[in-house]
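Every read-out reported here was derived from the displayed coordinates using simple, explicitly stated rules and does not represent laboratory data. Since this is a predicted model, take the numbers as computed values, not measurements.
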C-alpha cells in the first residue's frame, strides 16, 4: 500500500531536519503498514542508491525491526558485523554503503507507527547528541500524526451535525471550537482546508436553525478572532482559550477586544451572539 502523501511529507521534513542538525549523510524511514507488523521504507534523504527504497522491515528483524519490537531507539556501530541484530537486510544496507546506523520508533498512543533511521558510511559511534536529535525528529512526526488523527476524528464526528437540534447544538458548538483550535496546527494544507470547510458547514447549519442568523453584514473578523470567539462560545475562560490555541493570555484578550470592536459588542456574550447572527459561529 502506498504511503499517505501528507504523512510521507511529514517524515521527509523530519529526516531533512535530522540531517541538517546532526550532519548525518543519510536518513530514511517509513510507516507501519496498516494491519501488518512491518515498516515499509518510503522516504529517503541523502541515499546514493535505490537499495533501501520500498524495503519491508518486519518487526524484530534487523535494526529497525528491533526498534519496532522494543518500541525504543536502537543503534549499531558496524551494521554488517553487529551481534545485536539479525541480518535479513544486509544486502540492501551494504549496497548503500552504510556502517553506523540508528533507528528510532515513531510511537503514537503507545503504538509504533513508523521508524526513522540515521546512518554514517563509516564505523564510528553516533553519540548521544545525534541520538537525541533523532528522537526529537521522531517526536515531530508523532505530533503531526496525532494532530491528523484528531482532525480526522473531529471531521467524522461532525458529518451529521446538520441534523442537530436543541441541546445537540451545544455539542456542535464544542466541535466547532475544537476544529477551529486544531486547524492552525495542521501542516497539511488540504486537511486544514477541510477542517475550515467543516467549520463553515457547522456555522451554516446553525444559521438555518436560528431565525435571523446570517442576516447581519460580515464584520470582517480575522481567522484568529473567530478562533477565540469559538472557544469563548463553548464556555472557555481566557486562560483556557490561551492554552487551547497555544497563545499568550494577553494575545487572547487583544483578539477578543478587536472582535468585540468589529462586532459592535460590549461584552464577550454580546460578541458571541453577534458572531452567530453573522453566521460565523454555530
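Summary table
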item: Acute angle (nearest 10 degrees) that the helix 223-233 long axis makes with the longest principal axis of the chain, alpha-carbon atoms; result: 70 degrees
item: Relative contact order (percent, whole number), the chain, Cα cutoff 8 Å, 6+ residue spacing; result: 13 percent
item: Choice from 84, 187, 143 showing the highest fluctuation, given a GNM over the chain with Cα pairs closer than 10 Å; result: 84
item: Helix 5-22 vs. the chain, principal-axis angle (Cα, 0 to 90°, nearest 10); result: 60 degrees
item: Most mobile listed residue (126, 18, 31) in the chain, GNM with C-alpha springs under 10 Å; result: 126
item: With Cα atoms, 0 to 90° folded angle of helix 168-182 axis to the chain main axis; result: 50 degrees
item: Prolate/oblate/rounded call for the range 1-77, Cα gyration tensor, a/c under 1.5 rounded; result: oblate
item: The chain: C-alpha pair distances exceeding 34 Å, %; result: 38 percent
item: The range 12-55: equivalent-ellipsoid semi-axes (sqrt of 5 x gyration tensor eigenvalues, Cα, Å); result: 21, 13, 6
item: Inter-part distance where the range 239-274 and the range 20-60 are each reduced to a Cα centre, Å; result: 45 Å
item: Rg over Rh, two decimals, the range 16-159 (C-alpha only, Kirkwood Rh); result: 0.99
